Amino acid sequence: MKKFLKNNICLLSVALCCVLLEGYGLVLMQHGYAVPQEGFGGRIALAALSLREGIFPWNMETENEIMLMAETTPEILPVQAAEPAALPVTETVEAPAPETTEVQSETSEAQPETEAEPQIAETPVPEADGKAEEIKTEEAVMASEEFRPVFQQVEDDYFSDALFIGDSRIVGVCEYAGIRNATFYAKTSMTIYKMMDSRVETTKDVRTVREGLRTHRFRKIYLMVGLNEIGVGNTDYFINAYREVVQEIRELQPDALIYIQGIMHVSGRLDRKGGVFNNETINRRNEALAALAEEMQAVYLDVNEAYDDEYGNLPASFTADDVHLKANHYDLWHAFYLTHAVVIPELTESMGAAVNDAVSGDIATDVSAAEEGERKNETGL
């Protein structure tokens, strides 16, 4: 027995690691995480993905508390975001009305007349914002209640101060969509959980997304991740992480208009397999992303409008691996961007000189055109 153990120490070590990962995968499933693949090894793959994203056994309790809090009190964050708009609407006069008794009915009717006057005098204060034309930054525009995204037709020069951040699908946009004057921080397998720390190789150096946002100024920032995250965490966990990233981007780029893009659908063939990567799950997450965009005063874009077939799937003829587009179909994405742009006139003169001259030429991606040609036939995200 000792001789067997000595001669097979590596094999036993691998088996022990598999057992531990399998057990941890079971724990993750009990906490609401989805298995990324069916059959043998699914729980091991789930555990490996979670460990890669920094979800360890010793912080599982904390992560679970976050998800439970989001499920039990989903209105906490939206209410906090809407507090400035809600202040002029709420009135303290209505509060004592339900508490009045028959004895105090006369006094309660008299008090609103005296208390209502100063409150009516206060309401014109926000209405006195007749200087909306003087707004000079997108941060101020987005903070106002009047911010409503209206899509317009633009030309390619709209992207000269734009940044695209995302996973392999944005890598494809960089390589094949024909947008030549924008900046791309795109990386295969990028997730929202590690986006800001993802190292991207640009034409000038290697930096993290966070470092790039600190170095250059952008007017528009397009975000697209989400497919790689479907196997790790539930929708609330994903949205909470997304919200934190958007908040950090806002701090680093207060003058940038942020576009939150929905997750592109997979093909009907992959959807019918019933695995974790299915369009029903993608639709749920896209609904949550649309709500997040409204909450964060960002613009929501759903490129599925340009690609879906009659069944709401990515057409089989458009993809070689059920997930990524073929190179000759990215032109639709380019056209979609051109017809779904938001232009804020107040900003035409405020940021022209502030855009760094490196923005239009600092392209970042982790694959070359030749590698991308090989990637489109793979299932890696």
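The values are calculated or read from the model by the stated rules, or taken from the named source; none is laboratory data. Everything numeric in this text was worked out from a predicted model, so none of it was measured. So basically every Cβ, Gly included, is an ideal-geometry build from the backbone, and we count neighbours across all protein chains shown.
Miscellaneous remarks
The rows are residues; the columns are (1) within 11 Å of the chain's Cα centre (by Cα); (2) surrounded by fewer than 18 Cβ atoms within 10 Å (Cβ to Cβ); (3) assigned by TED's automatic domain parsing to the domain that holds S168.
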| site | (1), (2), (3) |
| --- | --- |
| I230 | no, no, yes |
| D236 | no, yes, yes |
| I239 | yes, no, yes |
| E244 | yes, yes, yes |
| V266 | no, no, yes |
| G274 | no, yes, yes |
| L289 | yes, no, yes |
| Q297 | no, no, yes |
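- Hits in the range 266-286 (condition: free of Cβ contacts under 8 Å to residues at least 24 places away in the same chain, under 12 Å from I230 (Cβ atoms) and of a type in the set (K, R)): none
- Selected residue (only one of A293, A316, A288 is among the small types (G, A, S) and more than 27 Å from E175 (Cβ to Cβ)): A288
- Residues being over 28 Å from P315 (Cα atoms) and either outside any helix (DSSP H, G or I) or under 11 Å from the mean Cα position of the chain (by Cα) (or both) - total across the range 250-261: 6
- Scope the range 259-284; condition within 27 Å of K220 (Cβ to Cβ) and touching a Gly at 6+ places or on another chain (Cβ under 6 Å); matching residues: I263
- Residues in the range 200-211 that are buried (at least 21 other Cβ atoms within 10 Å of the Cβ) and in contact (Cβ under 8 Å) with a residue 60 or more places away in the chain: V200 alone.
- Under the condition of being among the hydrophobic types (A, V, I, L, M, F, W, C) and surrounded by 20 or more Cβ atoms within 10 Å (Cβ to Cβ), the residues counted in the range 276-287 number 2.
- Members of the range 172-199 that are crowded, with 19+ Cβ neighbours inside 10 Å and touching a His at 6+ places or on another chain (Cβ under 9 Å): G172, V173, Y176, A177, I179, T183
- Matching helices (runs of 4 or more DSSP H) fully within the range 262-324 where at least 2 residues are of a type in the set (G, A, S) and within 20 Å of T339 (Cβ to Cβ): 279-295
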